[in-house]
1. For segment 30-45, take each phi angle, set θ = phi - 60°, evaluate the Karplus expression 6.51 cos²θ - 1.76 cosθ + 1.60, and give the result in whole Hz per residue in order, putting x for glycine and proline.
2. Taking the Cα centre of segment 9-83 as the origin, how large is its charge dipole in debye, to the nearest 20, when only Lys and Arg (+1) and Asp and Glu (-1) carry charge on their Cβ atoms?
3. Search the structure for amide H atoms under 5 Å from the amide H of HIS36, placed 1.01 Å from N in the peptide plane, and list their residues when 5 or more places away or on another chain.
4. Can you give me the long-range amide H partners of THR62? Hydrogens built in the peptide plane at 1.01 Å from N, cutoff under 5 Å, separation of 5 or more residues or another chain.
5. Which stretch or stretches of segment 174-194 have amide N atoms under 20 Å from the point lying 7 Å from SER154's Cα along the Cα→Cβ direction?
6. What FRET efficiency do you get for THR197 and SER63 if R0 is 30 Å and r is their Cβ-Cβ distance, rounded to the nearest 0.05?
7. For each of LYS65, LYS17, count neighbouring Cβ atoms within 10 Å of the residue's Cβ, then give the residues from fewest to most.
8. With each label point set 7 Å from Cα along the Cα-Cβ vector, what nm distance links ASN234 and LYS132?
Amino acid sequence: MTHSTPDVILQTQDLTKSFKGFTAVSGVNLSIQRGHIHALIGPNGAGKTTVFNLLTKFLKPTSGKILFNSEDITKLEPAAIARKGVIRSFQISAVFPHLTVLENVRIALQRKEGTSFHFWKHESTLNRLNDKAVDLLDSVGLSDFASTVTVDLSYGRKRALEIATTLAVEPELMLLDEPTQGMGHEDVGLVTELIKTVSKNRTILMVEHNLQVVSRLADRITVLQRGSILTEGNYQEVSNNPEVREAYLGSEIETEHKHSAEVAS
């Protein structure tokens, strides 16, 4: 029987995925501590999204194990993984563009209660979910946009709504896939602060390209390169690692160091 320490919420053991001779993920041993924001970073093609797909069972591992709260979940189907409390956000958007912000969150709450397809019920039966929906909108700074049609929201606020719909299903572990991808500076700031706010009493595993965001948010960072773990540690340790600098060709790491020095001076 396999054991993990009590403060580890998710653990992988020699997680490997091969596609017709190409090994996309090779012997990855992750250990995600409860209550942490843990970032998975690495150059393009490093295997970050494949790892996410393996954890949520959109892909089946070729070999290795996945443990969640010490339970072996390697063979579970995606829906069963979600019911355990491992919920992925962003890459598969959970929002309906032509419904209001409030309606979107209410539908997510219905999903949690198992009544998502009861649209023929009278609306008054759904009103009890409104208070909870409003609280969730408040937690992500969208209270003033409750009646806004989602398609009219800015990109950053759409991402905030996606976080609210993810929180509605009460995840024990949130997987955030490139939360700031394609955003302007203002939206990046908005979503970074939002992730910081909602991370209290939660565990988050995130794939993120923006190293400035990683430096602000992550308690621990795992660096992947060519499907394997290159190194792990806090931002200072990782950014000072010569192999990490080389993997990133120096550019992003150097820029972030320069930014940090300017802020400090």
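Every read-out reported here was derived from the displayed coordinates using simple, explicitly stated rules and does not represent laboratory data. Since the structure is predicted, the reported quantities are computational estimates derived from the model, not experimental observations. With ideal geometry, Cβ positions are generated from the backbone for all residues, glycine too; neighbour counts draw on all protein chains shown.
1. Values per residue, Gly and Pro as x: 9, 9, 9, 7, 4, x, 8, 9, 10, 9, 10, 10, x, x, 4, x Hz.
2. Working: 9 positive and 4 negative charges, 33 e Å.
That gives a dipole near 160 debye.
3. Those lying under 5 Å, H to H, from HIS36 are ILE204.
4. Amide H neighbours of THR62, under 5 Å, 5+ apart: THR16, LYS17, SER18.
5. Answer for this model: 179-194.
6. Values: r = 38 Å, r/R0 = 1.28.
E between THR197 and SER63, to the nearest 0.05, is 0.20.
7. Numbers: LYS65 15, LYS17 22.
Listing LYS65, LYS17 from fewest to most nearby Cβ atoms yields LYS65, LYS17.
8. The answer from the label model is 3.8 nm.
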